[in-house]
Structures are given as structure tokens and as C-alpha cells.
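Bear in mind that the values in this text are calculations on the coordinates, not laboratory data. All values reported here derive from a predicted model rather than from experimental measurement. Reconstructed Cβ throughout: ideal geometry from the backbone, glycine too, with neighbour counts over all protein chains shown.
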Amino acid sequence: MTNKISSQSNPVVAQIQADCDQISHTTEAMTESVNRRRFLRQTSKGVVGMGLALGSITSATTAAFAQLGHQHGAPPGEAVEEQLTPLVEATSEKVWNGDLLDEQVVSEMIDRAMMKLTGLDSAKEAWKDFVLPTDIVGIKINPLAGRQLSTHRIIVDKIIDGLYGAGILHNQIIIWDRFESHLIDAGYEINQSDRGVRCFASDSEGVGYDDEVFYETEKDVSVRRENGSILSRYTNILTKELTIVINVPVMKHHGITGVSGCLKNLAFGSVDNTHRFHSNPLNCNPAIADVFAHTVLKDKVVLNIVDGLLAAFDGGPTYNPDGVWHYGGILISQDPVALDQIVYQTVEEKRKELQLPSISRLSRYIRSASRMDLGTNDLDEVDYKEVKV
């Protein structure tokens with residue numbers, strides 16, 4: 001029934017799929033009420049607390065807010081405003097023409113989302129908010145599912161254009177992932193030369209992993225360790241090449257972690273020895289959040305752009321033609337946790353419509369990341385803005 005991407009020639013994909021199948025056979029169906037529209041009504045809260053109208057607040061409560069504001073540096077008697085997380089979702093009903101993408105519409109979606117996110121009047125100026133002309137920029141894509149369900153090249157090319165307009169030369173840009181074969185299968189050409197945009201992987205010739213920068217834990221499945229190691233080393237691409245990272249995952253279901261979004265794409269795309277975290281009951285939690293939290297990774301991520309043009313509600317992380325739909329959206333924020341929460345709720349809603357099992361238990365790593373202050377999974381704390389093209 002499933003015409004998934006062939007995994008016979010790719011042992012990494014084959015092992016991931018085997019883990020997904022094992023988990024799907026042992027996971028009990030759970031139900032959860034998901035209401036994404038809740039955060040669409042919460043684009044501004046104003047004062048700390050519940051955002052109550054001033055007329056309904058007692059004098060004692062007003063005084064308490066004023067005192068809180070004073071403690072946070074606000075003038076006496078003035079309530080402090082809560083800092084919301086900016087997040088923009090661009091959608092279009094015109095982006096798909098059958099099974100073909102309209103490149104002009106995709107381009108406009110990204111331009112308008114960047115302007116909305118930054119509040120600037122041009123996309124060129126918006127990109128300058130995130131990069132300096134001296135930066136070496138890594139574009140971390142998700143190429144695991146082949147050409148069908150990997151980060152669309154049209155989005156990557158648009159990011160490259162934006163970076164170039166902000167003063168970044170093409171050879172200062174590296175498109176990257178863990179495995180060279182995945183990049184090639186997704187339609188990306190390997191280039192390690194000093195001409196043009198570079199594209200290579202951690203397992204490309206001369207790259208490898210950093211023995212001095214690693215995540216160490218015994219909270220894993222010992223028989224799944226690579227060479228018996230309890231270390232997951234960070235790629236030399238991160239530790240020795242890049243100054244900043246733009247994270248470009250795909251909105252999709254994942255049989256091990258519920259969804260694969262910003263956190264998993266970047267965390268498990270940056271280290272080796274990850275297979276040890278895949279099985280039940282770990283489901284990569286809290287390893288994804290722990291790996292992401294390292295300063296060598298967390299401090300370099302300046303922007304997350306979720307490719308939701310084609311989204312997957314089932315059969316992920318590989319491609320299952322019966323498990324995808326034309327969602328037609330692109331989401332942008334500096335907060336990977338907030339974006340992953342939306343990815344989770346969007347996929348969960350779709351699965352609920354189709355009476356598929358809940359993925360809530362599998363997606364616990366998102367809550368772990370929020371508790372570690374890598375972002376927020378409370379969408380009441382998100383300044384959500386929508387752009388329709």
C-alpha cells in the first residue's frame with residue numbers, strides 16, 4: 001500500500017523506517033482535543049496576566065500590576081507589557097497548480113512573511129536584520145524523504161537570493177545535512193569548491209565530527225550505541241565552518257517523534273550517534289532538546305523557516321503519497337519551539353480529521369524544549385501574524 005521512498009539502498013533510512021514501524025505497532029491510540037484557533041485570537045495580551053479590560057480590574061489588582069511593572073523597570077504606575085514571540089505564517093491557495101508549485105507565489109510568500117516578521121518595508125532590508133556581510137551561513141535543510149517531501153529547492157533558492165541581497169557572497173553559504181546521499185537524493189548537487197554556493201554533508205570527504213564538542217549521556221538504549229559510545233559529536237560544519245544557521249525543516253509527521261520540525265531537523269542533523277535515542281519509550285526525548293541547547297548550536301540559529309508547501313500527516317519521515325496534503329504554507333520565526341508546536345497541532349488536527357491515532361505522547365520533546373527555555377510551546381505567548389498571498 002505504501003509507495004515510500006526506497007530504503008533498500010539507504011541503510012540509514014531503512015533503520016529509521018524500521019524504528020517507526022516498531023513504534024507504530026506498540027503505541028496505543030490516544031485522543032487529545034486540539035484547538036489551533038485558540039492562539040489566533042491571542043495576537044496581543046497587553047499586560048501581564050489575562051489581558052483583562054481596565055474597567056474590570058480591581059484597584060488592588062491594578063496596584064499589583066503597577067508594582068510588577070516597577071520591578072521590571074517600567075515607570076511607577078505603568079503596567080509592564082509582556083514580550084510576545086513574533087511568528088508569521090504565509091499561506092496561499094494559488095501556490096499549487098495541480099502538482100506544480102508557482103515559483104512567483106512562493107517568492108511573494110517569503111518576501112511578505114519576512115517583512116511582516118521584521119516590520120520593515122522591503123524584503124532586502126528584512127534579511128539584513130539577521131545576517132552580517134562577514135557571516136558564513138548554514139542553510140540546514142531536511143532532505144531525508146527524497147525529492148517528494150524534502151525542503152523545496154525553490155525556498156532554499158529564495159533564501160540564497162535574500163542573503164545575497166544582504167551582502168552574503170554565494171561561497172559564504174553552505175547547504176548541509178548529515179548524509180551526502182540524502183542531499184543528492186533530494187536533488188541537491190554536492191559542491192565543496194571555492195566557487196558558488198557550497199553544499200555538502202557531515203559524511204562528505206574531509207568533513208566529519210568534532211571530537212572536542214559533544215553531547216554525553218547514558219540515557220539511551222545501550223545496544224544501539226555506535227561503537228559503544230555515549231557521546232554524540234557535533235559536526236565540524238557547525239563547530240569549524242558556520243557563524244550562523246538558518247533552519248529550513250519540512251512540516252511532517254514522524255513515526256518516532258510524532259512530528260519532525262525545527263528542533264529535530266537541526267538537533268539530530270547536527271550530531272552523530274542518534275540511533276540510540278529512537279526506540280520506545282525515549283522517542284528522542286529529552287535528547288533532541290538537550291542537543292539543541294548546546295551553545296554551539298542554539299546560539300547560531302538566527303531564523304527558522306518551515307516548509308509547509310507539501311505537508312505530511314502520516315507515514316513520515318519518509319514519503320508516503322497517501323499521507324501528504326497540499327497545505328500551502330510557510331512559517332517563519334526565531335522561535336523553533338513555537339513553530340514546532342504549530343507543526344504538531346497542524347498535523348494532529350489533520351490526523352484527528354482522518355481518525356488516526358494521536359501523536360501527543362511521541363511529541364513530548366517539544367514540551368521538554370519549552371521547559372529548557374529554548375522557546376515557548378504556549379501559543380498564548382506568540383504574536384501570530386498571517387499573510388495571505
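Taking amide H positions as placed 1.01 Å from N in the peptide plane, with prolines and chain starts having none, which residues 5 or more places from V259, or on another chain, fall under 5 Å of its amide H?
H254
Can you report the principal axis dimensions of region 282-389 using only the alpha carbons, biggest first, rounded to whole angstrom?
Largest first, region 282-389 extends 39, 38, 26 Å along its Cα principal axes.
Under the Karplus relation 6.51 cos²θ - 1.76 cosθ + 1.60, θ = phi - 60°, what is the ordered set of whole-Hz ³J(HN,Hα) values for region 264-274, x standing for Gly and Pro?
Each residue's phi maps through the Karplus curve to give 5, 4, 8, 5, 7, x, 10, 10, 9, 6, 9 Hz.
Where in region 351-389 is the amide nitrogen less than 16 Å from a point lying 7 Å along the Cα-to-Cβ axis of K94?
Flagged as within label range: 387-389.
Just rank C199, C284, fewest to most, by other beta-carbon atoms within 10 angstrom.
C199, C284
Calculate, for K298 and S229, the FRET efficiency according to 1/(1 + (r/R0)^6) with r their C-beta to C-beta distance and R0 30 Å; round to the nearest 0.05.
Efficiency computed from Cβ-Cβ geometry: 0.85.
Using a simple spin-label model with points 7 Å from Cα along the Cα→Cβ vector, what separation in nm is obtained for R153 and D102?
Distance between the two pseudo-spin positions: 2.2 nm.
Compute the signed sum of charges (Lys and Arg +1, Asp and Glu -1) over the other residues within less than 14 Å, Cβ to Cβ, of K158.
-4
For every other residue with a beta carbon closer than 15 angstrom to the beta carbon of V213, add +1 if it is Lys or Arg and -1 if Asp or Glu, then tell me the sum. Walk me through the numbers before you get to the answer.
Working: positive: R233, K240, K298, K300; negative: D210, D211, E212, E216, E241, D272, D290, D299.
Every neighbour counted, the sum reads -4.
Would you calculate the separation in nanometres between label points at L356 and E386, each defined as 7 Å from the Cα along the Cα-to-beta-carbon direction?
2.3 nm
Taking θ = phi - 60°, what integer Hz values does the Karplus form 6.51 cos²θ - 1.76 cosθ + 1.60 yield along region 118-126, in sequence order, with x for Gly and Pro?
8, x, 9, 8, 9, 5, 4, 5, 4
For a footprinting-style exposure proxy, rank K140, K352 by other Cβ within 10 Å, fewest first.
In order of increasing Cβ crowding within 10 Å: K352, K140.
For a quick check: sort H170, H152, H254 by the number of other beta carbons within 10 angstrom, fewest at the front.
The fewest-first ordering by Cβ neighbours comes to H170, H152, H254.
Going by the alpha-carbon gyration tensor, a ≥ b ≥ c the square roots of its eigenvalues, is region 174-275 rounded (a/c under 1.5) or, if a/c is not under 1.5, prolate (a/b greater than b/c) versus oblate?
Details: a/c = 1.91, a/b = 1.31, b/c = 1.46.
Verdict is oblate for region 174-275.
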